[in-house]
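Sharing a structure with you now.
The values are calculated or read from the model by the stated rules, or taken from the named source; none is laboratory data. Since we're looking at a predicted model, the values are computed, not measured. Please note: Cβ atoms are built from the backbone with ideal geometry, for glycine as well, and neighbour counts cover all protein chains shown. Please note that ligands, DNA and RNA were not included when accessible areas were found on the heavy atoms of the full protein model with its side chains. Shrake-Rupley method; radii C 1.70, N 1.55, O 1.52, S 1.80 Å.
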Amino acid sequence: MKENTLEKLETLKKEKNAVILAHYYVDGEVQALADYVGDSYYLAKLATTLPQETIILCGVNFMGESAKLLNPEKNVILADEFADCPMAHMVEIEKIEEVRKAHPDIAVVCYVNSTAEIKAHSDVCVTSSNALRVVKNLPNQQIFFIPDNNLGRYIAKQVPEKQFIFHDGFCHVHKSITKENVLVAKAVNPDAYVLAHPECTGDVLELADFIGSTSEIIDYATKSKQEKFIICTEMGIFYELGQKNPEKKFYSVGHRQFCPNMKRITVEKVIKALEIMEPAVKVDETIAQKASIPLQKMMEFAQ
Ligand code: 13P
Ligand code: SF4
């Protein structure tokens, strides 16, 4: 990145009392300028501890909303207002109500990749890195896991004592990684370990040596004695994997590991957002009051 771009950013951050948070799926050059980079849980938790008045979020809409719901008094700016996760819209409120009616004791467990409105109708939120802990710690025996089918099934296998109802939501990026993609990558590099995100389909997860959230994948690769890894998640993660492990080799599983929404965030948009303090994340007051409860609960149950 050019030196004058960095200087401009530093000046603007001071002037606006702002901090920049980024997810591992945004472009490497955006991750490079961020003050903090992390997975969804880390970013949500971190947002509650920062002294700055403004948070510039480099990620997708639900991440901006989570930061705003947990910090209603702060300005939360999403670097691109159209960066939205399709999975976040995959549940209908009527469906939640229908399941609640049929199963009065069920806990509606909502993957954080959901709109604030869906969160407002849920009991507790989870991310890929805390879902297992949260589900285990819940007193409820019955779980309605929304929206991600793959993550829900992955968690359910590890909690056989509870009964699950799944939804049919999915991440198009992870769903498009096939078992055949992984087998081809493995045939080329048989000694490479397969690291996969739990949003991948069950047959891809069966081939994985390790399954985890983005930061768990990075941690695993960094601590591992292995030198070669096949990565089954969005390609933005290669930036931090390479930064932390310049001597190790990371292989993709094909051309589809690309989230077009995460890639909407550019350095220019981050600078513009800082200059004009827009687009600000806004959540309807009534929805915000209800939606912040399952997020707070996630923080308690994830301890
Ligand atoms: P994590 O970084 O929490 O693993 O989330 C993955 C994801 O799909 C975010 O959009
Ligand atoms: Fe949504 Fe998948 Fe993109 Fe994450 S990678 S923002 S889950 S579409």
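Scanning for something touching a residue at least 40 places away in the same chain (Cβ under 8 Å), within 21 Å of ASP84 (Cβ to Cβ) and more than 12 Å from ligand 1 (Cβ to nearest atom), does the range 155-168 turn up at least one residue? Walk me through how you get there before you give the answer.
Residues of the range 155-168 touching a residue at least 40 places away in the same chain (Cβ under 8 Å): 155, 165, 167-168.
Then drop every residue that is not within 21 Å of ASP84 (Cβ to Cβ), which leaves 167-168.
Retained after the next criterion (residues that are more than 12 Å from ligand 1 (Cβ to nearest atom)): 167-168.
Scanning the range 155-168, I find at least one residue that is touching a residue at least 40 places away in the same chain (Cβ under 8 Å), within 21 Å of ASP84 (Cβ to Cβ) and more than 12 Å from ligand 1 (Cβ to nearest atom), so the answer is yes.
I need the full set of residues from the range 235-249 which are crowded, with 19+ Cβ neighbours inside 10 Å and either touching a strand residue (DSSP E or B) at 6+ places or on another chain (Cβ under 9 Å) or outside any loop (DSSP other than H, G, I, E, B) (or both), in order please. Break it down stepwise before answering.
Keep residues of the range 235-249 that are crowded, with 19+ Cβ neighbours inside 10 Å, which gives 235-237, 239-241.
The answer is GLY236, ILE237, TYR239, GLU240, LEU241.
Here is a yes/no grid of residues against (1) over 17 Å from the mean Cα position of the chain (by Cα); (2) open to solvent by 10 Å² or more (accessible area, probe 1.4 Å); (3) of a type outside the set (Phe, Trp, Tyr); (4) closer than 30 Å to PRO139 by Cβ:
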{"site": "LEU9", "(1), (2), (3), (4)": "yes, no, yes, no"}
{"site": "LEU12", "(1), (2), (3), (4)": "yes, yes, yes, no"}
{"site": "ASN17", "(1), (2), (3), (4)": "yes, yes, yes, no"}
{"site": "TYR36", "(1), (2), (3), (4)": "no, yes, no, no"}
{"site": "LEU46", "(1), (2), (3), (4)": "no, yes, yes, yes"}
{"site": "SER66", "(1), (2), (3), (4)": "no, no, yes, yes"}
{"site": "ASN75", "(1), (2), (3), (4)": "yes, yes, yes, no"}
{"site": "MET87", "(1), (2), (3), (4)": "no, no, yes, yes"}
{"site": "VAL108", "(1), (2), (3), (4)": "yes, no, yes, yes"}
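Checking ASN137 against (1) within 16 Å of ligand 1 (Cβ to nearest atom); (2) within 22 Å of GLU199 (Cα to Cα), only one condition comes out false. Which one?
So ASN137 meets the others, but not (1).
Among the candidates ILE230, ILE293, which residue alone is more than 16 Å from ligand 2 (Cβ to nearest atom), aliphatic (A, V, I, L, M), open to solvent by 70 Å² or more (accessible area, probe 1.4 Å) and modelled with pLDDT of 95 or more? Please lay out each step first, then the result.
On the way: ILE230 fails: open to solvent by 70 Å² or more (accessible area, probe 1.4 Å).
ILE293 is the lone residue from the list that is more than 16 Å from ligand 2 (Cβ to nearest atom), aliphatic (A, V, I, L, M), open to solvent by 70 Å² or more (accessible area, probe 1.4 Å) and modelled with pLDDT of 95 or more.
Among the numbered criteria (1) open to solvent by less than 30 Å² (accessible area, probe 1.4 Å); (2) closer than 17 Å to ILE177 by Cβ; (3) within 18 Å of the chain's Cα centre (by Cα), which single criterion is violated by ALA302?
(2)
Mind checking which pairs have a first residue in the range 187-211 that is of a type in the set (S, T, N, Q) and a second that is open to solvent by 10 Å² or more (accessible area, probe 1.4 Å) and within 16 Å of ligand 1 (Cβ to nearest atom), Cβ under 8 Å, 6 or more apart or different chains?
THR201/ASN150; THR201/LYS175
Taking the range 160-180 as the search range and keeping residues that are away from ligand 2 (no atom under 16 Å from the Cβ) and touching a strand residue (DSSP E or B) at 6+ places or on another chain (Cβ under 8 Å), which one is most open to solvent (accessible area, probe 1.4 Å)?
So, considering only residues that are away from ligand 2 (no atom under 16 Å from the Cβ) and touching a strand residue (DSSP E or B) at 6+ places or on another chain (Cβ under 8 Å), the one most open to solvent (accessible area, probe 1.4 Å) is GLN163.
For the range 48-69, indicate whether the set of residues that are away from ligand 1 (no atom under 14 Å from the Cβ) and modelled with pLDDT under 95 is non-empty.
yes
Just give me the residues in the range 84-112 being part of a helix (DSSP H, G or I) and within 16 Å of ligand 1 (Cβ to nearest atom), in sequence order. Before you say what the answer is, go through the steps one by one.
Residues of the range 84-112 part of a helix (DSSP H, G or I): 86-89, 93-102.
Selection gives PRO86, MET87, ALA88, HIS89.
Right, next: Take the residues of the range 253-276 that are surrounded by fewer than 16 Cβ atoms within 10 Å (Cβ to Cβ) and at pLDDT below 95: which is nearest to VAL182 (Cα to Cα)?
That would be GLY254.
Is one or more of the residues making up the range 51-60 open to solvent by less than 10 Å² (accessible area, probe 1.4 Å), part of a loop (DSSP other than H, G, I, E, B), within 16 Å of ligand 2 (Cβ to nearest atom) and under 24 Å from VAL30 (Cα atoms)?
Step one: of the range 51-60, the residues open to solvent by less than 10 Å² (accessible area, probe 1.4 Å) are 54-60.
From the residues that got through so far, the ones that are part of a loop (DSSP other than H, G, I, E, B) too are 59-60.
If we keep only those that are within 16 Å of ligand 2 (Cβ to nearest atom) as well, we get 59-60.
In the following step, the residues that additionally are under 24 Å from VAL30 (Cα atoms) were identified as 59-60.
Within the range 51-60, one or more residues are open to solvent by less than 10 Å² (accessible area, probe 1.4 Å), part of a loop (DSSP other than H, G, I, E, B), within 16 Å of ligand 2 (Cβ to nearest atom) and under 24 Å from VAL30 (Cα atoms).
Can you go through LEU183, LEU138, LEU195 and tell me which one is away from ligand 2 (no atom under 16 Å from the Cβ) and open to solvent by less than 40 Å² (accessible area, probe 1.4 Å)?
Values: LEU183 fails: open to solvent by less than 40 Å² (accessible area, probe 1.4 Å); LEU195 fails: away from ligand 2 (no atom under 16 Å from the Cβ).
None of the others qualify; the one that does is LEU138.
With the structure loaded, tell me whether LYS2 is at pLDDT below 95, under 19 Å from GLU240 (Cβ atoms) and either away from ligand 2 (no atom under 16 Å from the Cβ) or crowded, with 22+ Cβ neighbours inside 10 Å (or both) or whether it fails that test. Walk me through it before giving the result.
Details: at pLDDT below 95: yes; under 19 Å from GLU240 (Cβ atoms): no; either away from ligand 2 (no atom under 16 Å from the Cβ) or crowded, with 22+ Cβ neighbours inside 10 Å (or both): yes.
So LYS2 does not fit the description; no.
Confirm whether VAL99 is touching a residue at least 12 places away in the same chain (Cβ under 8 Å) and closer than 21 Å to LYS175 by Cβ. Steps first, answer last, please.
Working: touching a residue at least 12 places away in the same chain (Cβ under 8 Å): yes; closer than 21 Å to LYS175 by Cβ: no.
Against the criterion (touching a residue at least 12 places away in the same chain (Cβ under 8 Å) and closer than 21 Å to LYS175 by Cβ), VAL99 does not qualify.
Quick test for you: out of ILE218, ILE287, pick the one residue that is surrounded by 19 or more Cβ atoms within 10 Å (Cβ to Cβ), closer than 30 Å to ALA156 by Cα and not hydroxyl-bearing (Ser, Thr, Tyr).
Working: ILE287 fails: surrounded by 19 or more Cβ atoms within 10 Å (Cβ to Cβ).
The match here is ILE218.
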